[in-house]
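Novice: One structure follows; several queries about it will come next.
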Amino acid sequence: MSRTIVCTSGYGPVSTVTAPARPRAACAGMDPELFFAHALSTDQIKTAKDVCATCPLKASCLQGAIERREEYGVWGGTDEAERRSIKRRTARNSRKAAA
C-alpha cells in the first residue's frame, strides 16, 4: 500500500490514505416492515431471514438485538422464538459454569 503525505498550510501533514470501507448491512435501504412480520407470516419471515443470510453484519446485529432485548422482528437472521431460545441456552450455560 502506498501512502502519500500532503502538507497543507495551516493544517500540517495530512495522509491521503482512506480508511477501508465499512461493510454495509444487507437490509440497508429495505422496507423495515419486511423484518417485522406478523408471527403467522412465515413467507415474510423467511424472506427477511434470507436477506440476513447474505449480510456481513449478521453476527453483530444478532448480538445487539440480544443485548437490547429486542422482542419483535427478525434480527441477525433470527426470529423472536429463536432469540428466546438463545437467551435460555446462554443463561443455562452460565449457571452450569458458575456451579
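Novice: Being of a type in the set (Gly, Ala, Ser), surrounded by fewer than 16 Cβ atoms within 10 Å (Cβ to Cβ) and modelled with pLDDT of 95 or more: is that true of ALA48 here?
Specialist: Taking the combined requirement at face value, the residue does not satisfy it.
Novice: Are any residues in segment 82-99 among the hydrophobic types (A, V, I, L, M, F, W, C), assigned to a helix (DSSP H, G or I) and either at pLDDT 95 or above or open to solvent by 70 Å² or more (accessible area, probe 1.4 Å) (or both), and if so, which ones? Steps first, answer last, please.
Specialist: Narrowing segment 82-99 to residues among the hydrophobic types (A, V, I, L, M, F, W, C): 86, 91, 97-99.
With the extra rule that they be assigned to a helix (DSSP H, G or I), the set shrinks to 86, 91, 97-98.
If the condition is that a residue be among the hydrophobic types (A, V, I, L, M, F, W, C), assigned to a helix (DSSP H, G or I) and either at pLDDT 95 or above or open to solvent by 70 Å² or more (accessible area, probe 1.4 Å) (or both), then ILE86, ALA97, ALA98 are the ones that fit.
Novice: Take segment 59-81 and flag every residue that is closer than 20 Å to THR42 by Cα and of a type outside the set (Asp, Glu).
Specialist: LEU62, TYR72, GLY73, VAL74, TRP75, GLY76, GLY77, THR78, ALA81, listed by residue number.
Novice: Related question: Hey, could you check segment 51-67 for residues that are out of contact with any strand residue (DSSP E or B) (no Cβ under 9 Å at 6 or more places or on another chain) and of a type outside the set (A, V, I, L, M) and say which is least open to solvent (accessible area, probe 1.4 Å)?
Specialist: CYS55
Novice: Okay, moving on. If I filter segment 43-62 for residues that are assigned to a loop (DSSP other than H, G, I, E, B) and of a type in the set (Gly, Ala, Ser), do I get at least one hit?
Specialist: Within segment 43-62 (the criterion being assigned to a loop (DSSP other than H, G, I, E, B) and of a type in the set (Gly, Ala, Ser)), the answer is no, since none of the residues qualifies.
The values are calculated or read from the model by the stated rules, or taken from the named source; none is laboratory data. Please read these numbers as outputs of a predicted model, since none were measured by experiment. Backbone-built Cβ (ideal geometry, glycine too); neighbour counts: all protein chains shown. Please note that ligands, DNA and RNA were not included when accessible areas were found on the heavy atoms of the full protein model with its side chains. Shrake-Rupley method; radii C 1.70, N 1.55, O 1.52, S 1.80 Å.
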